Amino acid sequence: MMRYLAPVLVGLALLAIWEVWVSLADIPVFILPAPSAIGLALVENFASLMAALWVTVKVTAAAFFWAAISAIGLAIIFTRARLIEMALYPYVVTLQVTPVVAIAPLILIWVGFDNVSHALVMIAWIVAFFPMLTNTVQGLRSVDPQLHDLMRLSGANWWQRLCYLELPAALPSILTGAKISGGLALIGAVVAEFVAGSGASTGLAWRIIEAGNRLEIATMFASLALLSALGIVLFYLLSFCEWLLLHRWHESFRRG
Amino acid sequence: MTALALNEAGLVYDNGFAALRDISVQFARGSFTALVGPSGCGKSSLLRLLAGLEQPSIGSVTGLAQSDIGFVFQEPTLLAWRSVADNIALPLKIEGHAQSEIEARRDEALQLVGLTDFANALPRQLSGGMKMRVSLARALAKRPPVLLMDEPFAALDELTRFRLDDDLRAIWQRQNCTIVFVTHSVTEAAYLAERALVMQAGEIKSEIAIDQSDRADDFRGAPPFIAACAALSQALGHKRAAAK
């Protein structure tokens, strides 16, 4: 019980200190609004903020989905064909180490402002893809060689080996990668919306820019709070999936 | 009649290490052979050659198809996410047997190793000895004419090992399969097998027949067992320190 109660109590205490401090120090609302003002802004702009949240959720979910599909697919190819891995890996690394903010405008130009949602997904995908790929490759490579021998002795073809052995054995690593990629997909979506700017996107990041320009700092904080909440929900959703798939058999869920 | 044979076979790994040299040996159908020797002498490599998991660098292997071979590894080698029953059934499923056939063989194998009550348990819920029984049941479910076992009970405590040795002999007598059993234990080889091949540095140094003709329940105290242990120890080069 305390596991859940303790962080809630800490949060409430911090909000209370914030509220009192802003009031006592008489800090202007355009510098730092009180939590109550942020709450009020959230209620007043509820419909538009929820619409913006939905846009960001869609970009994040699409980027995460494509990152997962492409990373697992490419990881399977990498572990099957060393030559393909050697040929492609430097370019995958290049994609990872190039700052996404620097290439995002190019992607927007190439994909076109008529298809801005596709461009946003693509930018977020670039950010989310790499951890999923490296974790999946590592998981597929870490399968016990004796289990591979067992499959050979049973006459398993590559598809049976993949379905019965490699993917289930790699699942813990894949899910660790998914937890990292989920958070990065959201960060990627926010960066993409910032770069797209000028109302081309209508997600939460755009609402932050717009509210900032209008000095509606309370609305800005409300958008920020929603973004954080979305990140937390995403993390716990993926952690729940991990628990669902692994708790029966994996050592990491064994209680000491 | 010969079930398996190695004909002047040698095995050199990619790093240049010669694991086996010029090995010629036959394994008669229905026989129980132990391969004994110190660590690194090539016992497991010989077994992998027989199973077709390695190809000989020179010479040849006369044997059966991989589907006719049951292999028991040193570790239980179970899929942690599958239940005991599903672990046993998996090779049969891969081989494409009908579901009714799979269930029949799976249940029979579970009964042979005495784990029927644990069919739905996951590997992590079992003791070391029970996991090894599952591994044995998985190999037996294929009803293989040949069973190759690579130090399967090495990591178990002595009592569990004695019990599994007895179970294995009973299964061998009932199934009438050919067993090649790798061990570094002289007493285990003498207790289980009719013949022991002593290996050293990638070669078979000697072959010792073990008299199992008059086998009583207390075989571990019987003269043929003690004689076999002494012969095996001597073949392995063990000498008592000379008294001064």
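Scanning segment B:86-111 for residues that are more than 13 Å from chain A (Cβ to nearest Cβ) and either of a type in the set (Phe, Trp, Tyr) or open to solvent by less than 10 Å² (accessible area, probe 1.4 Å) (or both) yields a count of 2. Within segment A:37-47, the presence of a residue that is in contact with a Gly (Cβ under 7 Å, 6 or more places away or on another chain), surrounded by 14 or more Cβ atoms within 10 Å (Cβ to Cβ) and within 30 Å of residue A:184 (Cβ to Cβ) is excluded. Considering the conditions (1) within 11 Å of another protein chain (Cβ to nearest Cβ); (2) surrounded by fewer than 20 Cβ atoms within 10 Å (Cβ to Cβ); (3) closer than 21 Å to residue B:154 by Cα, residue B:71 is excluded by exactly one of them, (2). Among the residues making up segment A:122-147, none is more than 8 Å from every other protein chain (Cβ to nearest Cβ) and within 14 Å of residue B:87 (Cα to Cα). Among the residues of segment B:41-51, are any open to solvent by 10 Å² or more (accessible area, probe 1.4 Å) and more than 16 Å from the chain's Cα centre (by Cα)? No; the residues of segment B:41-51 include none that is open to solvent by 10 Å² or more (accessible area, probe 1.4 Å) and more than 16 Å from the chain's Cα centre (by Cα). The numbered conditions (1) more than 16 Å from residue B:27 (Cβ to Cβ); (2) touching a strand residue (DSSP E or B) at 6+ places or on another chain (Cβ under 8 Å); (3) in contact (Cβ under 8 Å) with a residue 60 or more places away in the chain are all true for residue B:200 except (2).
Restricting attention to segment A:155-210, the residues being open to solvent by 30 Å² or more (accessible area, probe 1.4 Å), within 14 Å of chain B (Cβ to nearest Cβ) and not in a helix (DSSP H, G or I) number 2.
When A:22, A:29 are checked against the criterion of being over 17 Å from residue A:230 (Cα atoms) and open to solvent by 60 Å² or more (accessible area, probe 1.4 Å), A:29 stands alone in meeting it.
What residue, of A:151, A:220, is touching a helix residue (DSSP H, G or I) at 6+ places or on another chain (Cβ under 7 Å), more than 14 Å from every other protein chain (Cβ to nearest Cβ) and either among the hydrophobic types (A, V, I, L, M, F, W, C) or under 27 Å from residue A:130 (Cα atoms) (or both)?
A:220
Mind checking whether some residue in segment B:129-136 is within 21 Å of the chain's Cα centre (by Cα) and over 20 Å from residue A:153 (Cα atoms)?
Yes, there is a match, as at least one residue in segment B:129-136 is within 21 Å of the chain's Cα centre (by Cα) and over 20 Å from residue A:153 (Cα atoms).
Do we have any residue at all in segment B:150-162 that's surrounded by 20 or more Cβ atoms within 10 Å (Cβ to Cβ), in contact with a Lys or Arg (Cβ under 9 Å, 6 or more places away or on another chain) and more than 10 Å from chain A (Cβ to nearest Cβ)? Looking through segment B:150-162, at least one residue is surrounded by 20 or more Cβ atoms within 10 Å (Cβ to Cβ), in contact with a Lys or Arg (Cβ under 9 Å, 6 or more places away or on another chain) and more than 10 Å from chain A (Cβ to nearest Cβ). Taking residue A:8 as the residue in question, decide whether it is open to solvent by 60 Å² or more (accessible area, probe 1.4 Å) and modelled with pLDDT of 90 or more. Considered against the rule, which asks whether it is open to solvent by 60 Å² or more (accessible area, probe 1.4 Å) and modelled with pLDDT of 90 or more, residue A:8 comes out as yes.
Residue B:132 satisfies every condition listed in (1) modelled with pLDDT under 95; (2) away from chain A (no Cβ under 13 Å); (3) more than 23 Å from residue A:168 (Cα to Cα) except (3).
The values are calculated or read from the model by the stated rules, or taken from the named source; none is laboratory data. Bear in mind that the values here come from a model prediction, so they are computed numbers and not experimental data. No Cβ is skipped: glycine too gets one built from the backbone with ideal geometry, and neighbour counts run over all protein chains shown. Just the protein is used for accessible areas: all its heavy atoms, side chains included, with ligands, DNA and RNA removed. Shrake-Rupley method; radii C 1.70, N 1.55, O 1.52, S 1.80 Å.
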